[in-house]
Every structure is written in C-alpha cells, then in structure tokens.
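Take a look at the structure set out below.
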Amino acid sequence: MPITKTAVAVGAGFKPAPTLKFLLLVIICNFVFGTWNLNCHAAPCYGTKMPEKNKFFAGAQYYNIFQRYLDHSDNGKMRSQQEFVLLSYGVFDWLAIDLKGGAGNIKQHPEGKDELDYSSFMAGGYGFRLKVYDKDKIKGVCGFQHISVHPKTVHIANGKNKAVLDDWQFSALASYDFKVATVYLGGRLSRCDYIHWIDGSRSRVKSDLGKSYGLIWGTDIPLTQRIWLNLEGQALDSQALAVSLNYSF
C-alpha cells in the first residue's frame, strides 16, 4: 500500500488520541487488578507533575505512615517510616514509570500486647502514572503505586519474627497550577498488608477492609526552574505524610 503524505505526517508527530489513552488505562488496570485480585493498597502518589517523553525526574522521599488499622480489632494497628531515592521516566508525555529504592521499618501493635518493632532495612517500589487531562492550568492523572518493606528480623520470647509490609493503591488526582505552587486533590482505593512469620510459619493480616477508600491532598512547590518540593497528606484509609525533594533532568 503506498505511503501517503498524511501517513508520514502522522507518524512523524504522533500524539496519542484520548481513545488510546483510555484503552491503555483499561489494559493496565486489568493487568494490575487481575494479577493482584483487587488487593490494591496505599503509597505516595507523586502528584500530577510528570516527566516529558525520554526525560527523567530524580529525588529523595520520606514517607511516614502514622497509623493504619488492621483487619479484626485484635490485630491492632501498624506504623512505618520509609526513606527512598526516586526515579521517574517519561515513556510518553502522558505516561510515566516511577521507581524507588531505600529502607523502611515496621511497628505493629496488637490489641492488648506489646508492640513489635522491626528495625529499618530494605524497601522498594514501582508504579505508573497516566495523564488523562491537561488543559490550561488543570491536569488530571491516574496512577498505580506499590511499596514493599522488608525490615530486619526480630528475636523475642515466642521465637524468630519476620515481617513484610505490602502497600498498594490505585489513585486518581486533579491539580491546579497557581504558579507559586501546584495544588492537587484526589482519591484512591488502597490496602496495606502486614505479612508475618513466626519461626517460618507465615500469615497475612490485611488492613481494615472497611477503610479501603482514601483522600489525598498535596502540593508541588517550585524552588528553582528544575527543583521542587512535594508535600502529600493521606486520610480516611490511613494517616500518612510524604515529603520529597525532586530534580528534573
């Protein structure tokens, strides 16, 4: 089939149509939800600022889960402090892949018992963000994020205790650019599980399933043309705060 001038023009300056964005979002959501059987959990959302195609963002992040209640009252609640190096890559102007690596701890407090304190060790995460709206000063972004925290093993009276925090979410955010700062607000479907081993015997304690829907609010504050500060708070499903300093390459 002959190549027309129109086909050459489209191929040279390809911009995905809204239908393609929607189709890609559906495919990714089906993969995420199908693989993890709707076990979506909670993590920082990064906001709506995304790298352009073939560009990178890098940063350092502190994330504190002040309180997350676990399923069944006798399991009590869980806390965690995490520190990460961040890296985001723009696959397209409308699709970014987010990676992170660092360290984190877990503090789990069963009802009526002493708190288990797992000291900081390895942690990491990944995710994606898809820009679904961008006009004037308003942006809309959907995303998926996952964090896994593997702290040090604890030896107490009942034996060798090992733990993993499994932290996931599917989020939707909308932002407005005020020049001095970009403010965003959104919601998420989330869950944060506590996986626990005692002398090799494994159990998974889910977060409170009645608190799976969360509220997110945050802001990006530009410090220079390439450097900005991100602040993000979380409520309803958990009480958490994330702070990061970021640089655009």
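The values are calculated or read from the model by the stated rules, or taken from the named source; none is laboratory data. What you see is a predicted model; the values in this text were computed from it and never measured. Because the Cβ atoms are built from the backbone with ideal geometry, glycine has one as well, and the counts that use them run over all protein chains shown.
Kindly indicate the residue of segment 207-224 that is of a type in the set (D, E, K, R) and at pLDDT below 95 and also farthest from residue 141 (Cα to Cα) among those meeting that condition.
Going through the qualifying residues, I end up with 208.
Which of (1) crowded, with 17+ Cβ neighbours inside 10 Å; (2) of a type in the set (A, V, I, L, M, F, W, C); (3) modelled with pLDDT of 95 or more does residue 121 not meet, given it meets every other one?
(1)
In segment 105-127, what residues are more than 26 Å from residue 249 (Cβ to Cβ) and in contact (Cβ under 8 Å) with a residue 60 or more places away in the chain?
106, 108, listed by residue number.
Hey, among 207, 238, which residue is surrounded by 13 or more Cβ atoms within 10 Å (Cβ to Cβ), under 14 Å from residue 65 (Cβ atoms), more than 16 Å from the chain's Cα centre (by Cα) and of a type in the set (S, T, N, Q)?
Residue meeting the stated conditions: 207.
How do the pairs read when you match residues in segment 72-86 that are within 18 Å of residue 240 (Cα to Cα) with residues anywhere that are at pLDDT below 90 and acidic (Asp, Glu), using Cβ under 6 Å and keeping only pairs 6 or more apart or on different chains?
Listed by first residue and then by second, the contacts come to 76/111.
If you check every pair at least six apart or on different chains, which have Cβ atoms under 6 Å apart with a residue in segment 166-190 that is over 16 Å from residue 44 (Cα atoms) first and a residue that is surrounded by 16 or more Cβ atoms within 10 Å (Cβ to Cβ) second?
Partner pairs satisfying both residue conditions: 176/183; 181/219; 182/175; 182/220.
Can you pull out the residues in segment 135-149 that are free of Cβ contacts under 8 Å to residues at least 12 places away in the same chain and part of a strand (DSSP E or B)?
Listed by number, the list holds a single entry, 135.
Checking the condition part of a strand (DSSP E or B) and either in contact with a helix residue (DSSP H, G or I) (Cβ under 8 Å, 6 or more places away or on another chain) or among the basic types (Lys, Arg) (or both), which residue from 179, 162, 113, 152 passes?
Selected residue: 162, the only one of 179, 162, 113, 152 that is part of a strand (DSSP E or B) and either in contact with a helix residue (DSSP H, G or I) (Cβ under 8 Å, 6 or more places away or on another chain) or among the basic types (Lys, Arg) (or both).
How many of the residues in segment 182-212 are among the polar types (S, T, N, Q) and either under 22 Å from residue 230 (Cβ atoms) or in a helix (DSSP H, G or I) (or both)?
Going through segment 182-212 one residue at a time, the tally reaches 2.
Please tell me if residue 53 is among the charged types (D, E, K, R), at pLDDT 50 or above, over 21 Å from residue 213 (Cα atoms) and touching a Gly at 6+ places or on another chain (Cβ under 7 Å).
The answer is yes for residue 53.
Condition first: hydroxyl-bearing (Ser, Thr, Tyr) and modelled with pLDDT of 95 or more. Now tell me which residues in segment 172-206 satisfy that.
Result: 175, 176, 182, 184.
Which condition number does residue 141 fail, the rest of (1) among the hydrophobic types (A, V, I, L, M, F, W, C); (2) over 25 Å from residue 94 (Cα atoms); (3) in contact with a Cys (Cβ under 9 Å, 6 or more places away or on another chain) being met?
Looking at each condition in turn, residue 141 falls short on (2).
So how many residues does segment 128-156 have that are more than 19 Å from residue 184 (Cα to Cα), of a type outside the set (Ser, Thr, Tyr) and either touching a Lys or Arg at 6+ places or on another chain (Cβ under 7 Å) or surrounded by 18 or more Cβ atoms within 10 Å (Cβ to Cβ) (or both)?
Qualifying residue count, segment 128-156: 5.
Residue by residue through segment 210-249, note down the ones that are in contact with a helix residue (DSSP H, G or I) (Cβ under 7 Å, 6 or more places away or on another chain) and free of Cβ contacts under 8 Å to residues at least 60 places away in the same chain.
Of everything in segment 210-249, just one residue is in contact with a helix residue (DSSP H, G or I) (Cβ under 7 Å, 6 or more places away or on another chain) and free of Cβ contacts under 8 Å to residues at least 60 places away in the same chain, namely 236.
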